[in-house]
Amino acid sequence: MSGQDGGQIQNVVVVGAGAMGHGIAQVAAAAGFFVTLNDISEESVEAGLARIRDNLDRGVARGKVSEFERDDTLAHLRGEADLAKAAADADLLIEAVPERVDLKHQIFRTAARTAPAHCLFASNTSSIPLVQLVGAVPRPEQFVGLHFFNPVHLQPLLEIVRGDATSEESLQQALDFARRTGKEPIVVRDVAGFASSRLGIALGLEAIRMVQEGVASAADIDKAMELGYRHPMGPLKLTDLVGLDVRLAIAETLAREIDPVRFAPPQLLRDMVAAGKLGKKTGSGFYNY
Ligand code: NAD
């Protein structure tokens, strides 16, 4: 259907139905792909599908999505908690599980047992270089990074990461997927943090250090960037939205891979994560929700 025979991607499998996975599944289904959403249990798959229904219902209420588009998107979606079954007809498999190399390896290895030979494998990792994941995919030339932004159904950017082994054909498939899902692609070489996470985390970590040092309140630091630099959202609000745990994991990766001083996670970030203050998803972070 795709890949080696030059056909188009039709079936997309998204592994991980959390903050990113449910959104990726939604935009792919809205673009007309047949999407299977996988997670660790029936309950978490259902929770991801419920978030999609909720996004779409809110879109309809705001007049941004028609009732036909909502129903058509839902008709292109199904859930499957068994990854081997889900992967069996995948033309494109995108993993969006937590930022852990061992877990991502496990996902690719399990999926590879049943995925068709032409399947393009992709990771939504925000910071792990593809070279650390590629050993777990069956064909290195059919592997790319597809880095979406949160919330996926609203953010226009798709950062495509081209690994050393990624073929021209796979890159073209990724660009075509971006075009069909209405995302604006950028293509970045395989370095830790790519382009967006590296710059975004630098600003986020400095803002957290400033809260730690009592330079200003979180709200005022955010306002400095929102009003002074026209950022749509300040770095601390953004950290709450992304998840403090996710940002800590990215900082640790970049500290290891690029520079241990520049990307050292501030103690305040570590303390807040240890206290379960992960941002919006837990109801408290730099702000209360
Ligand atoms: P999340 O914790 O919200 O969701 C992860 C999901 O993966 C959960 O639903 C979890 O149940 C599921 N999962 C865990 N183990 C699994 C397994 N073995 N099989 C199937 N599903 C499993 O995390 P997230 O924020 O969606 O992040 C996912 C990935 O996307 C990470 O690599 C992260 O770095 C990247 N990312 C996150 C953001 C963001 O803003 N949160 C942005 C871009 C990229």
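The values are calculated or read from the model by the stated rules, or taken from the named source; none is laboratory data. Since the structure is predicted, the reported quantities are computational estimates derived from the model, not experimental observations. As a convention, Cβ positions derive from the backbone with ideal geometry for all residues, glycine included, and neighbour counts pool all protein chains shown. Accessible surface areas use protein heavy atoms only, side chains included; no ligands, DNA or RNA. Shrake-Rupley method; radii C 1.70, N 1.55, O 1.52, S 1.80 Å.
Worth a mention:
- Helices (runs of 4 or more DSSP H) enclosed by region 162-266 - at least 3 residues per element that are open to solvent by less than 40 Å² (accessible area, probe 1.4 Å) and hydrophobic (A, V, I, L, M, F, W, C): 168-180, 196-212, 218-228, 244-257
- Tally of residues being of a type in the set (Asp, Glu) and open to solvent by 30 Å² or more (accessible area, probe 1.4 Å) across region 132-161: 1
Yes or no, residue by residue, for (1) in contact (Cβ under 8 Å) with a residue 40 or more places away in the chain; (2) away from the ligand (no atom under 16 Å from the Cβ); (3) not aromatic (Phe, Trp, Tyr):
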position: Val152; (1), (2), (3): yes, no, yes
position: Thr166; (1), (2), (3): no, yes, yes
position: Pro185; (1), (2), (3): no, no, yes
position: Arg198; (1), (2), (3): yes, no, yes
position: Met210; (1), (2), (3): no, yes, yes
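- Of the listed requirements (1) crowded, with 22+ Cβ neighbours inside 10 Å; (2) more than 12 Å from the ligand (Cβ to nearest atom); (3) basic (Lys, Arg), Lys85 misses just one: (1).
- Among the residues of region 49-64, the ones that are more than 20 Å from the chain's Cα centre (by Cα) and surrounded by fewer than 19 Cβ atoms within 10 Å (Cβ to Cβ) come to 7 in all.
- Only a single criterion out of (1) within 16 Å of the chain's Cα centre (by Cα); (2) under 22 Å from Pro232 (Cα atoms); (3) in a loop (DSSP other than H, G, I, E, B) is not satisfied by Leu158, namely (3).
- Whether a residue is out of contact with any Gly (no Cβ under 6 Å at 6 or more places or on another chain), open to solvent by 50 Å² or more (accessible area, probe 1.4 Å) and at pLDDT 95 or above was assessed, and Arg109 passes this test.
- Within region 14-47, restricting attention to residues that are acidic (Asp, Glu) and outside any loop (DSSP other than H, G, I, E, B), the residue that is surrounded by the fewest Cβ atoms within 10 Å (Cβ to Cβ) is Glu43.
- The residue pairs whose first member lies in region 259-280 and is closer than 19 Å to Gly200 by Cα, whose second member is assigned to a loop (DSSP other than H, G, I, E, B) and hydroxyl-bearing (Ser, Thr, Tyr), and whose beta carbons are closer than 8 Å, counting only pairs six or more residues apart or on different chains, are Lys280/Tyr289.
Residue-wise test of (1) open to solvent by less than 10 Å² (accessible area, probe 1.4 Å); (2) under 16 Å from the mean Cα position of the chain (by Cα).
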site	(1), (2)
Asp89	no, no
Ile94	yes, yes
Arg100	no, yes
His118	no, no
Leu130	yes, yes
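- Within region 111-130, residues that are over 16 Å from Val246 (Cα atoms) and in the same structural domain as Glu80 (by TED's automatic domain parsing) sit with their Cβ atoms under 9 Å from residues that are open to solvent by 10 Å² or more (accessible area, probe 1.4 Å) and modelled with pLDDT under 95, at 6+ positions apart or across chains, in these pairs: Pro116/Met1; Ala117/Gln4; His118/Met1; His118/Gln4; His118/Asp5; His118/Gly7.
- Residues in region 54-70 that are part of a helix (DSSP H, G or I), away from the ligand (no atom under 16 Å from the Cβ) and in contact with a helix residue (DSSP H, G or I) (Cβ under 9 Å, 6 or more places away or on another chain): Leu56, Asp57, Gly59, Val60, Glu67, Glu69, Arg70.
- Meets criteria (over 28 Å from Val246 (Cα atoms), among the basic types (Lys, Arg) and modelled with pLDDT of 95 or more) for Lys64: yes
- Note on region 27-44: among residues that are touching a strand residue (DSSP E or B) at 6+ places or on another chain (Cβ under 8 Å) and more than 9 Å from the ligand (Cβ to nearest atom), the one that is nearest to Pro156 (Cα to Cα) is Ala28.
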